[in-house]
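Trainee: Have a look at this one.
The values are calculated or read from the model by the stated rules, or taken from the named source; none is laboratory data. All figures in this text were calculated on a predicted structure; none of them were measured in a lab. Every residue, glycine among them, receives a Cβ derived from its backbone with ideal geometry; neighbour counts consider all protein chains shown. These area figures cover heavy atoms from the full protein model, side chains too; ligands, DNA and RNA do not enter into them. Shrake-Rupley method; radii C 1.70, N 1.55, O 1.52, S 1.80 Å.
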Amino acid sequence: MQSRHLKLLAAATLTAWSLTAGLAQAAGVLTIGCREDSTTFDPIKSAQNRDTWVFANVYDTLVRVDNLGTKMEPGLAESWEISKDGLTYTFKLRDAKFSDGSPITADDAAFSLLRIRDNKASLWSDPFSLINTAKASGPKTLVVTLKTPAVAFLSQLASPTVSILSQEAMTKMGEDAYSENPVTSGAFTVDEWRKGDRVILKKNPNFWQAKNVSLDGVEWVSVTDDNTRMRMVQNNELDTAIFVPFSRVEELKKDKNVVIHSDPSTREDHLLINHAHGLLAKPQVREALDMAIDKQSLVKTATYGQGTVAYSYIPKGSLYHYANNLQRPYDPTAAKKLLEEAGAKDLKLNYVVNAGNEADEQIAVIIKDQLAKVGVTANLQKVDPTQSWQMLVDGEYDISVMYWTNDILDPDQKTTFVLGHDTNQNYMTRYKNDKVKTLVAAARIEADPVKREQMYVDLQKLAKQDVNWIDLYYSPYINISRKNVSNFLQNPLGRFTLEDVVKN
């Protein structure tokens, strides 16, 4: 899931730095430095990691994924049964409460599932269009029927985008008010959202696992510049920070006051291409761009050995990853010839770059130089990383480096979002292939594991053939914390289990 949105003014960033000083010392409150601000607390209306990771702090889901990112485990549903025909799911909800003290019922769960399916603003409607009915057969029993069996359905329910919301509170408050000051079902509540600065969370005493939560609160602090975040952790102005620059890893490992965490991930960085812009609609042009970029050199230079070259949208270690997918060679001569044949000899591109992101800025310079060798001019437009997402949505770009991390164990979510989804214009690339879209829908419901795996292999081949985007690299999650912070972990699906963190 992606992670950029909204405009963050430089003045607000400076305010964040000044207000944060000293707060890292607050007893029981964990401060986390990150690039972007939150955009909403309505889970169905965001596809960005910053939002999703905070959703996981304040909401709970019916089922969860363990910290190793390998298996499903109970959440608000303490147990479930699936009918032999795969069409009926019966969930038994545990005795749990929302942050306002009201009980979490099967009606709330049904409301949340149908809302993600039916709400016009939902970014995740496609995978849940398979739901036929979702009803409470008792206060704590939810029965969901599907139109057709779907192997991925249970896995989808673990995504923070499918968080359980309070039907009563949202009906009373309205969607807009709820999205800024929600009634929550997870370990923390939203105490205050200082837009452009920080989100302040407080421990939720009504959380069903509250006795296991050590922290009194969490503050997600927006600090756009990578190196500034690192300095703030070193100066004890932040307890933790995410996105350690690759160039700083070895140096920071020598600081006896901090710990560098390198956690297995499902992250893939890629170069998005706007297929709706002129000559970029031609597959030959996109293929030429792919061949013009020396991925091995780029990864070695920009990730300092932390990353590996990517060649499929399904990352290594994930279900159905195709290890033998096509890897186009670095061949500037062939790339130049393809561009000439496609009538794109003097192609000029608007390259949106996330300012303050050290790796993205370095990659932009590398790609600009490599494209120049084949006659392509890339004009770099540096923007705040909280602004770039909206530019992609609005189509105000030609190329831009972004990243994705899986939110669920099954490949359906990412596959749908980047290859077979109309709502978000296939991850804002405007990529269109009806054969691919049909195959995405078929793979979601295929029960035979052998056939299903082949479908995802075919999808990886087709995406690479069409150059839906240009795969760049896979890398671990690299984060930093002070030595007095324990259990600060990001699981392979990106979730920070802050309910387990201890600050001494």
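Trainee: Charges only on Cβ, +1 for Lys and Arg, -1 for Asp and Glu: so what's the dipole of the range 267-474 about the Cα centre, in debye to the nearest 20?
Mentor: That gives a dipole near 440 debye.
Trainee: May I ask which residue of ALA323, VAL213, PHE98 lies farthest towards the positive end of the charge dipole of the chain, with charges of +1 (Lys, Arg) and -1 (Asp, Glu) on Cβ and the Cα centre as origin?
Mentor: Result: ALA323, furthest along the dipole toward the positive end.
Trainee: Normalised by the residues of the range 60-167, what does the relative contact order come to in percent, with Cα pairs under 8 Å and at least six apart?
Mentor: Value for the range 60-167: 32 percent.
Trainee: Now for a different question. Can you find, among ILE366, MET230, VAL440, the residue farthest towards the positive end of the dipole of the chain? Put +1 on the C-beta of Lys and Arg, -1 on that of Asp and Glu.
Mentor: Of ILE366, MET230, VAL440, it is ILE366.
Trainee: How large is the direction-averaged shadow of the alpha-carbon convex hull of the range 60-167, in nm²?
Mentor: Convex hull of Cα atoms, orientation-averaged projection: 6.8 nm².
Trainee: What is the Cα coordinate range of the range 367-504 on the first, second and third principal axes, sorted by size from largest, in whole angstrom?
Mentor: Taking max minus min along each principal axis of the Cα atoms, the range 367-504 gives 55, 47, 27 Å.
Trainee: Working with all protein chains in place, sort GLU499, GLU180, GLU361 by solvent-accessible area computed with a 1.4 Å probe, largest first.
Mentor: Order by accessible area, largest first: GLU180, GLU361, GLU499.
Trainee: Can you compute the helix-only [θ] at 222 nm over the chain? Use -39500 (n - 2.57) per DSSP H run of at least 4 residues, normalise by all residues, nearest 500 deg cm²/dmol.
Mentor: -9000 deg cm²/dmol
Trainee: Turning to a different aspect of this structure: Based only on Cα atoms, what Rg/Rh ratio does the chain have, Rh being taken as Kirkwood's radius?
Mentor: 0.96
Trainee: Okay, moving on. May I ask for the Kirkwood hydrodynamic radius of the range 221-326, worked out over all distinct Cα pairs and given in angstroms to one decimal?
Mentor: Final number for the Kirkwood radius of the range 221-326 is 16.9 Å.
Trainee: Do you know the relative contact order of the chain, to the nearest whole percent, from alpha carbon pairs under 8 angstrom that are 6+ apart?
Mentor: After rounding, I find 23 percent.
Trainee: If the only charges are +1 at each Lys and Arg Cβ and -1 at each Asp and Glu Cβ, what is the size of the charge dipole of the chain around the Cα centre, to the nearest 20 debye?
Mentor: 500
Trainee: Another question, if that's okay. With a ≥ b ≥ c taken as the square roots of the eigenvalues of the C-alpha gyration tensor of the range 267-309, please select rounded if a/c is under 1.5 and otherwise prolate if a/b is larger than b/c or oblate if it is not?
Mentor: Cα axes put the range 267-309 in the prolate bin.
Trainee: Ignoring ligands, DNA and RNA, what accessible area per residue does the chain give at 1.4 Å, in Å²?
Mentor: With the other protein chains kept in place, the chain gives 37 Å² per residue.
Trainee: Continuing with the same structure: Among VAL450, THR240, VAL376, which residue has its Cα furthest toward the positive end of the charge dipole of the chain, with +1 on Lys/Arg Cβ and -1 on Asp/Glu Cβ?
Mentor: Farthest towards the positive pole: VAL450.
Trainee: How much of the accessible area of the chain, in percent, comes from carbon and sulfur atoms when a 1.4 Å probe is used?
Mentor: Roughly 51 percent of what the probe reaches on the chain is carbon or sulfur.
Trainee: Give me the percent relative contact order of the range 267-474, please, defined on Cα pairs under 8 angstrom at least 6 residues apart.
Mentor: 36
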